[in-house]
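S.K.: Right, I'll just put the structure down here and ask away after.
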Amino acid sequence: MPYTASRYLTEGRRVGLRHFTHDDAAEFTARARESKDLHHPWLFPPDTPAAYAAYAQRLIEDPAKAGFLVCEKEADGALAGFVNINNIVEGGFLCGALGYGAFAHAAGRGLMREALDLVVRYAFGPMRLHRLEINVQPGNAASIALARACGFRKEGFSPKMLYIDGAWRDHERWALTSEMVTGKS
């Protein structure tokens, strides 16, 4: 059987990760519109072509960001969600802040757990980061459960940390370091 290169940066049993492209606008925005009830009031992914173009452009061009589309392998690469690493700082910090969301048709199926594990390995491997952080609103039980399931530890509470949906929102801070994953110090 001839070797065929994967279309994914990294892949697990059920999902593969790849970077955002401008060609993903139609599928991404359709999935975002279908998922409004799931995402509200925590998350507002772009749901129009213009909003997606600006969002994807930042993820593609800004070296302080890395965007990953979560693709369902059994569904011919259909988008199941996304994981972004924002605010990447190099030098002595080597850290990034994670943001993520499942699309409604994929929620509750374990696909995002697999995807977040893949992003963690990719961030601590090829990206050579040392620390990843997740800031999540205290009422977002699904996001907190995902962070906890992937080994993130709760480090604190930040009152009125981010401006979301018209108000400053409190957030819990969760973090994971490469040593926590590899067991090496």
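S.K.: Could you give the accessible area per residue of the chain, probe 1.4 Å, as a whole number in Å²? Spell out each step's value before the answer.
M.R.: Working: 9730 Å² over 185 residues.
Each residue of the chain exposes 53 Å² on average to a 1.4 Å probe.
S.K.: Turning to a different aspect of this structure: Take every DSSP beta bridge whose two residues both sit in the stretch 1-159, then give the antiparallel share in percent to the nearest 5.
M.R.: If we restrict to bridges inside the stretch 1-159, about 85 percent are antiparallel.
S.K.: Can I ask one more? Mind jotting down a quarter of the surface of the convex hull over the alpha carbons of the stretch 96-185, in square nanometres, one decimal?
M.R.: Mean shadow area of the hull around the Cα atoms is 6.3 nm².
S.K.: Here is a follow-up. Suppose every K and R has +1 on its Cβ and every D and E has -1 on its Cβ; what is the size of the dipole of the chain about the Cα centre, in Debye to the nearest 20?
M.R.: Using only the charged Cβ atoms, the result is roughly 500 debye.
S.K.: I'd like the accessible area for H40, computed on protein heavy atoms only with a 1.4 Å probe and all protein chains in place. Round to 10 Å², please.
M.R.: 100 Å²
S.K.: Residues of the stretch 6-33 with amide nitrogen under 15 Å from the 7 Å Cα-to-Cβ point of A107?
M.R.: Residues 31-33 qualify, since their backbone N sits under 15 Å from the label point.
S.K.: For Y55, what accessible area in Å² do you get when you roll a 1.4 Å probe over the heavy atoms of the protein chains, rounding to the nearest 10?
M.R.: 40 Å²
S.K.: Rank G166, H39, L111 by how far each Cα sits towards the positive end of the charge dipole of the chain (+1 on Lys, Arg Cβ; -1 on Asp, Glu Cβ) and give me just the farthest.
M.R.: Farthest towards the positive end: L111.
S.K.: Lys pairs in the chain, Cα-Cα under 26 Å, at least 8 apart or on separate chains: how many?
M.R.: Working: K36/K65; K36/K73; K36/K160; K65/K73; K65/K154; K65/K160; K154/K184.
Count of close lysine pairs: 7.
S.K.: For the stretch 80-185, what % of the accessible area comes from carbon and sulfur atoms, probe 1.4 Å? Display every interim value, and only then the final one.
M.R.: Details: 2680 of 5090 Å².
C and S atoms contribute 53 percent here.
S.K.: Suppose every K and R has +1 on its Cβ and every D and E has -1 on its Cβ; what is the size of the dipole of the stretch 119-185 about the Cα centre, in Debye to the nearest 20?
M.R.: 220 debye
S.K.: Here is a further query. Once amide H atoms are built 1.01 Å from N in the peptide plane, which residues 5 or more positions from T10, or in another chain, come under 5 Å H to H?
M.R.: Residues meeting the amide H criterion: L17.
S.K.: Follow-up question, since we're still on this one. Between N86 and R153, what is the label-to-label distance in nm when each label sits 7 Å out along the Cα-to-Cβ direction?
M.R.: Rounded to a tenth, the inter-label distance reads 2.6 nm.
S.K.: At each listed q (0.08, 0.12, 0.13, 0.14 Å⁻¹), what is the log10 of I(q)/I(0) that the Debye formula gives for the chain modelled as equal alpha-carbon point scatterers?
M.R.: These q points yield log10 I(q)/I(0) values of -0.24, -0.56, -0.67, -0.78.
S.K.: From a point 7 Å beyond the Cα of I60 in the direction of its Cβ, which residues of the stretch 14-36 have a backbone N at a distance under 11 Å?
M.R.: 20-25
The values are calculated or read from the model by the stated rules, or taken from the named source; none is laboratory data. As the structure is a computational prediction, the values presented were derived from the model and not from experiment. Cβ coordinates were reconstructed from backbone atoms using ideal geometry, including for glycine residues, and neighbour counts include every protein chain displayed. All accessible areas refer to the heavy atoms of the entire protein, side chains included, with ligands and DNA or RNA removed. Shrake-Rupley method; radii C 1.70, N 1.55, O 1.52, S 1.80 Å.
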